[in-house]
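Taking it in order: structure first as structure tokens, then the write-up.
Derivation of every value follows stated rules applied to the coordinates shown; laboratory data play no part. Every value quoted in this text rests on a predicted model; they were computed, and no experiment measured them. Quick reminder, even Gly has a Cβ in these numbers, built from the backbone with ideal geometry, and neighbours come from all protein chains shown.
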């Protein structure tokens, strides 16, 4: 057995005690894809936004997946639930930043709608995960 096989982040879900790798959760996969898209779309922002809006958007977008991973490493579901809440807050933060970027005409209406609907979906999924961990 390789060392990496031993170190797998797992989440225990109450329904039958099923263990899932955090990376196998649909919410993690979607959040990761949205973070990649956020990084891509911010490459086109004006240079003067590099250390402000671009940096904030990238940090918030990557924070969703990071908090899911970190929470899964915690000792109990109560701690993990707290990190799910932080991830949800970060997703909400990106929603406002997308609106701002759209209104500043840094992204198109189409890009805004696509990313916004994805983050709205992540927020819903994180809420359900939080409820599941609360049981």
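For the reader, a short list of remarks on this structure follows.
- Mean separation of Cα contacts under 8 Å, 6 or more apart, over the residue count of the chain: relative contact order %: 26
- Packing-based order for 78-87, 21-30, using average beta carbon neighbours within 10 Å, highest first: 78-87, 21-30
- Length gained on full extension, residue 82 to residue 121, computed as 0.36 nm times the residue gap minus the Cα-Cα distance: 12.1 nm.
- The calculated 222 nm mean residue ellipticity attributable to helices in the chain amounts to -23000 deg cm²/dmol, summing -39500 (n - 2.57) over DSSP H runs of n ≥ 4 and dividing by all residues.
- Protection proxy ranking, peptides 122-131, 90-99, average beta carbon neighbours within 10 Å, highest first: 90-99, 122-131
- Crossing angle, helix 26-42 versus the chain [Cα axis fit, 0-90 degrees, rounded to tens]: 20
- Order by protection proxy (mean Cβ within 10 Å, highest first), peptides 55-64, 100-109, 39-48: 55-64, 100-109, 39-48
- C-alpha long axis of helix 55-72 to longest principal axis of the chain, angle in °: 0
- Under the criterion of Cα pairs below 8 Å and six or more residues apart, the relative contact order for the range 38-84 equals 27 percent.
- Compared with the dominant Cα axis of the chain, that is its longest principal axis, helix 109-134 is turned about 20°.
- Equivalent ellipsoid dimensions for the chain as semi-axes, Å, which come from the Cα gyration tensor, largest first: 30, 16, 12
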